Protein chains: 2
Amino acid sequence: MTEELDITGAVCPMPLPHNEQIVLGHGAGGKMAADLIGKTFLPAFDNPALRAGDDGAVVDLPPGKLALSTDSHVVSPLFFPGGDIGHLAICGTVNDVAMMGAKPLYLTVGFIMEEGLPLETLQRVVASMQAAAQEAGVQIVSGDTKVVQRGKADGLYINTAGVGVVPLGRKLSGAQAKPGDVVLLSGTMGDHGVAVLAARGELGFETDVQSDCAPLNGLIEELLTACPEVRVLRDPTRGGVATTLNEIAKQSGVCITLKEESLPVRPAVASVCEMLGFDPLYIANEGKVLVVLPRESAETALEVMRHSKYGAGTVQIGEVSADPAGRVLMRTALGSTRVVDMLAGEILPRIC
Amino acid sequence: MTEELDITGAVCPMPLPHNEQIVLGHGAGGKMAADLIGKTFLPAFDNPALRAGDDGAVVDLPPGKLALSTDSHVVSPLFFPGGDIGHLAICGTVNDVAMMGAKPLYLTVGFIMEEGLPLETLQRVVASMQAAAQEAGVQIVSGDTKVVQRGKADGLYINTAGVGVVPLGRKLSGAQAKPGDVVLLSGTMGDHGVAVLAARGELGFETDVQSDCAPLNGLIEELLTACPEVRVLRDPTRGGVATTLNEIAKQSGVCITLKEESLPVRPAVASVCEMLGFDPLYIANEGKVLVVLPRESAETALEVMRHSKYGAGTVQIGEVSADPAGRVLMRTALGSTRVVDMLAGEILPRIC
């Protein structure tokens, strides 16, 4: 094998067949599918379970409970500042598994490709997936490819499912927030949503906002080691911080009150939102975590998270109280209080 | 909750909102998504892990190795004689996990829905998924829904990923076929592919062929209990029996020789294939298993399989020898021998 091209930072271990496209035969389970797997997926994702070439993978699992999660990714466009659909597909599932308090270990991946997808696009995405999997310390052990006719998909959709192990004795859930707890957020809101929107060219003006898409399992593990008393971890993706906190408030039967001036938003994101009439509280993030934990642990948690690569911007944004149960409130800079509801409709489709 | 409508045999636990359709807001992660989950997915798939409402599931796992597999399903049309995309999505992954010698336990499911999909269609598919999951004895513990704009999908695509446990000491793989082994097939070839083709109305004539789509984990467990010496299990889906046996021959470095007159094909499937110039050896099956095992175990295996619901038609179709390694051969009724290659291109797109 030759190493000819540098793709998104990773070295592609095969000559890139220019102008080649995905055709229906790549999804038929025969020679072309085997060729695609052998030349595109195996060299990138290489590991013993995948190399075995069976219909599934058999792997070892450390003792503990099993955490399982899945996400399909339909982001448009496929590439955006700070990430791409492949990076997102790995980080999204790694993060969902990590939010359960688990160490993510293995991923499966399912590609739905539109006939005519340039092979070069697929290879860039695959290289990006492997780079993200490597950073997160997970293996892609089983996969599947389907091809649909032109006009029956939008280039490429990717599903990932992930498994991890929750160490014995650890239990995190959205139902465990308690009055007296505080709420931390690991950094600025809305970067991912605004970056994807900008990449679509729909803004009518330039912005240099990058997606925050990142694997958070390292940050989470450091946090849980220092503060095993953490009650809830949740990544505020679709629906944003407002929707995610509403889910936690409902699951736990508590009230969460946010302090408006503590909410972190990049100036560039704030101006895009202001111009378009969006509220950053409802914009998707892909590399942020909401942490609910006892007040007395907050200082330790803040220090640990701020020292971690993806938690440098961690701040306390709110507090948990008993009433009104199931509600999220906002104390504004002017001292008034308003209800922060869940996202009602759709503001930015195909953001992840 | 009222119980108003009988959908594909299952009782739908909610009033069916006629004429309602999936809209982009159902994929936004806000109120509409929560509503769809609460009214459509939760009542059907109900179990403690899913009910917890977190981003992932945490479940117990018996001791053993972990088996993992995934499949995306893009079958067209969504409903066909003998099954539908939901039934297929459950059985496909249950079977892939079972083929590793594992007991399938938990599934994740990812829905990619096209804007405008009738809610009633989704509900029929979901009811069918739950019926299949119940028959297979697996739980759907985590899921995800995405919605793409009209014209960016074809109604509905479904990904499932499954995990199961391989009992300690059990090891099955496509690389374990040995000279002297025999090959069994659990029933007729090509039923699924021909049933889907007929449902598309592309045949130009009528046929009553039904898909063989079925969960095979029960059959597999009975077989492995009686014959723990089984070396390879594989379901001949896309690419058919010919392609699957080629994969096994290559993985194991052996030759597999088929006896033409032993190959089971329904007369109706045979006539469709003859008219269209297809070979049933290359047509997809969704409820069949290929078994490679030592010759001395064949009789026991045949008896056990023939007594099982989905193995009544089991026959011995071939033998394993050393040379030519990596090849599948066919001994014809006339006594000549020809090479049976992998599927080269695509004959029936979107069959699964």
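The values are calculated or read from the model by the stated rules, or taken from the named source; none is laboratory data. Bear in mind the structure is a predicted one, so any value in this text is a computation, not a measurement. Every residue, glycine as well, gets a Cβ built from its backbone with ideal geometry; the counts of neighbours run over all protein chains shown. Side chains are part of the model used for accessible areas, which takes the heavy atoms of the whole protein and leaves out ligands, DNA and RNA. Shrake-Rupley method; radii C 1.70, N 1.55, O 1.52, S 1.80 Å.
Annotation note: of B:Ile37, B:Ile90, the sole residue that is closer than 30 Å to A:Pro62 by Cβ and assigned to a helix (DSSP H, G or I) is B:Ile90. The set of residues from region B:112-144 being out of contact with any Ser or Thr (no Cβ under 8 Å at 6 or more places or on another chain) and within 21 Å of A:Asp154 (Cα to Cα) comprises B:Glu114, B:Glu115, B:Gly116, B:Leu117, B:Pro118.
From the list A:Leu105, A:Leu117, A:Leu168, the one residue that fits, being open to solvent by less than 20 Å² (accessible area, probe 1.4 Å), over 16 Å from B:Asp55 (Cα atoms) and either more than 8 Å from every other protein chain (Cβ to nearest Cβ) or touching a Pro at 6+ places or on another chain (Cβ under 9 Å) (or both), is A:Leu117.
Within region B:176-212, restricting attention to residues that are over 21 Å from the mean Cα position of the chain (by Cα) and within 14 Å of another protein chain (Cβ to nearest Cβ), which residue is nearest to B:Gly110 (Cα to Cα)? Can you show your working first?
Let us first name the residues in region B:176-212 that are over 21 Å from the mean Cα position of the chain (by Cα), namely B:176-182, B:201-207.
Next cut, within 14 Å of another protein chain (Cβ to nearest Cβ) only: B:176-177, B:202.
Numbers: B:Gln176: 33, B:Ala177: 35, B:Glu202: 29 Å.
Going through the qualifying residues, I end up with B:Glu202.
If you go through region A:173-193 and keep only what is open to solvent by 10 Å² or more (accessible area, probe 1.4 Å) and not small (Gly, Ala, Ser), you end up with A:Gln176, A:Lys178, A:Pro179, A:Thr188.
Just for region B:58-92: of the residues that are within 16 Å of B:Leu107 (Cα to Cα), at the interface with chain A (Cβ under 7 Å from one of its Cβ atoms) and under 15 Å from the mean Cα position of the chain (by Cα), which one is most open to solvent (accessible area, probe 1.4 Å)? Walk me through how you get there before you give the answer.
Applying the first criterion (within 16 Å of B:Leu107 (Cα to Cα)) to region B:58-92 yields B:58-62, B:66-73, B:85-92.
Remaining after also requiring at the interface with chain A (Cβ under 7 Å from one of its Cβ atoms): B:58-61, B:66-72.
Going one step further and asking which of them are under 15 Å from the mean Cα position of the chain (by Cα), we end up with B:68-72.
Values: B:Leu68: 7, B:Ser69: 0, B:Thr70: 2, B:Asp71: 24, B:Ser72: 1 Å².
The qualifying residue most open to solvent (accessible area, probe 1.4 Å) is B:Asp71.
Take the conditions (1) open to solvent by less than 10 Å² (accessible area, probe 1.4 Å); (2) part of a loop (DSSP other than H, G, I, E, B); (3) in contact (Cβ under 8 Å) with a residue 60 or more places away in the chain; (4) not acidic (Asp, Glu); B:Asn159 misses just one of them, which is (2).
Going by the structure shown, is A:Val58 modelled with pLDDT under 95 and in a strand (DSSP E or B)?
Values: modelled with pLDDT under 95: yes; in a strand (DSSP E or B): yes.
So A:Val58 passes the test.
Could you tell me whether B:Arg306 is closer than 23 Å to B:Asp96 by Cα and among the basic types (Lys, Arg)? Criteria met by B:Arg306.
Please tell me if B:Val147 is in contact with a Pro (Cβ under 8 Å, 6 or more places away or on another chain) and either open to solvent by less than 10 Å² (accessible area, probe 1.4 Å) or of a type outside the set (Lys, Arg) (or both).
Values: in contact with a Pro (Cβ under 8 Å, 6 or more places away or on another chain): yes; either open to solvent by less than 10 Å² (accessible area, probe 1.4 Å) or of a type outside the set (Lys, Arg) (or both): yes.
Considered against the rule, which asks whether it is in contact with a Pro (Cβ under 8 Å, 6 or more places away or on another chain) and either open to solvent by less than 10 Å² (accessible area, probe 1.4 Å) or of a type outside the set (Lys, Arg) (or both), B:Val147 comes out as yes.
Scanning region A:142-158 for any residue that is at pLDDT 95 or above, closer than 27 Å to A:Leu224 by Cβ and more than 8 Å from every other protein chain (Cβ to nearest Cβ) turns up nothing. Of the helices (runs of 4 or more DSSP H) that lie entirely inside region A:213-331, those containing 1 or more residues that are within 14 Å of chain B (Cβ to nearest Cβ) and open to solvent by 20 Å² or more (accessible area, probe 1.4 Å) span A:217-226, A:240-252.
Taking region A:105-132 as the search range and keeping residues that are within 15 Å of B:Val74 (Cβ to Cβ) and part of a strand (DSSP E or B), which one is farthest from the chain's Cα centre (by Cα)? Spell out the reasoning first.
First, the residues of region A:105-132 that are within 15 Å of B:Val74 (Cβ to Cβ): A:110-115, A:117.
Applying the additional criterion that residues be part of a strand (DSSP E or B) yields A:110-114.
Working: A:Gly110: 17, A:Phe111: 17, A:Ile112: 19, A:Met113: 21, A:Glu114: 23 Å.
Only one residue tops the list, namely A:Glu114.
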